[in-house]
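The values are calculated or read from the model by the stated rules, or taken from the named source; none is laboratory data. Owing to the predicted nature of the structure, the values given are computational and were not obtained by experimental measurement. Cβ placement follows ideal geometry from the backbone for every residue including glycine, while neighbour counts extend to all protein chains displayed. With ligands, DNA and RNA removed, areas are computed over all heavy atoms of the protein, side chains included. Shrake-Rupley method; radii C 1.70, N 1.55, O 1.52, S 1.80 Å.
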Amino acid sequence: QVQLVESGGGLVQAGDSLRLSCAASGGTFSLHGLGWFRQAPGKERVFIATISRNFAIRYADSVKGRFTISRDNAKNTVYLQMNSLKPEDTAVYYCAAVFSPGLYSTSKDYNSWGQGTQVTVSS
């Protein structure tokens, strides 16, 4: 399994942008499907975006058009560019990995998780 470390979270105002990064180590990064999830206080962890080993992409409806997932296999890193942030985007953001092809949008499909990074959007 790969080990994942997220970074890039912080406190921003509504309408601002942030880019989250998730660096992987300990595995063959290019063969993993990758995902971003988030968990708001008192709520379940929910799917945000995923990118397959073949660069296919899927987004949750709540972020489509505002967030962009990408991966750089040379840097073993997956990114989440977040634009036009809203207060309801406030959550802990997690990246996840699975050694498998295809697109996966449920948390149970992933077997490696980062520790999370806090994103807070003020109104």
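Working only within region 78-107, note down all residues that are of a type outside the set (S, T, Y), surrounded by fewer than 18 Cβ atoms within 10 Å (Cβ to Cβ) and within 20 Å of P41 (Cα to Cα).
We begin by selecting, within region 78-107, every residue of a type outside the set (S, T, Y); these are 78, 80-83, 85-89, 91-92, 95-99, 101-103.
With surrounded by fewer than 18 Cβ atoms within 10 Å (Cβ to Cβ) added as a condition, the list becomes 81, 83, 86-88, 99, 101-103.
Passing the criteria: K86, P87, E88.
When you check I48 against the structure, is it under 14 Å from the mean Cα position of the chain (by Cα) and either open to solvent by less than 70 Å² (accessible area, probe 1.4 Å) or at pLDDT below 95 (or both), yes or no?
Working: under 14 Å from the mean Cα position of the chain (by Cα): yes; either open to solvent by less than 70 Å² (accessible area, probe 1.4 Å) or at pLDDT below 95 (or both): yes.
The answer is yes for I48.
Can you tell me which residue within region 108-121, out of those that are of a type in the set (S, T, Y) and not in a loop (DSSP other than H, G, I, E, B), is most open to solvent (accessible area, probe 1.4 Å)?
Among residues in region 108-121 that are of a type in the set (S, T, Y) and not in a loop (DSSP other than H, G, I, E, B), the one most open to solvent (accessible area, probe 1.4 Å) is T120.
Scan region 60-72 for residues that are under 15 Å from L34 (Cβ atoms) and open to solvent by 50 Å² or more (accessible area, probe 1.4 Å) and jot them down.
T68
I'm checking my understanding of the structure. Among residues of region 52-73 that are touching a residue at least 40 places away in the same chain (Cβ under 8 Å) and part of a loop (DSSP other than H, G, I, E, B), which one is farthest from the chain's Cα centre (by Cα)?
The selected residue is N54.
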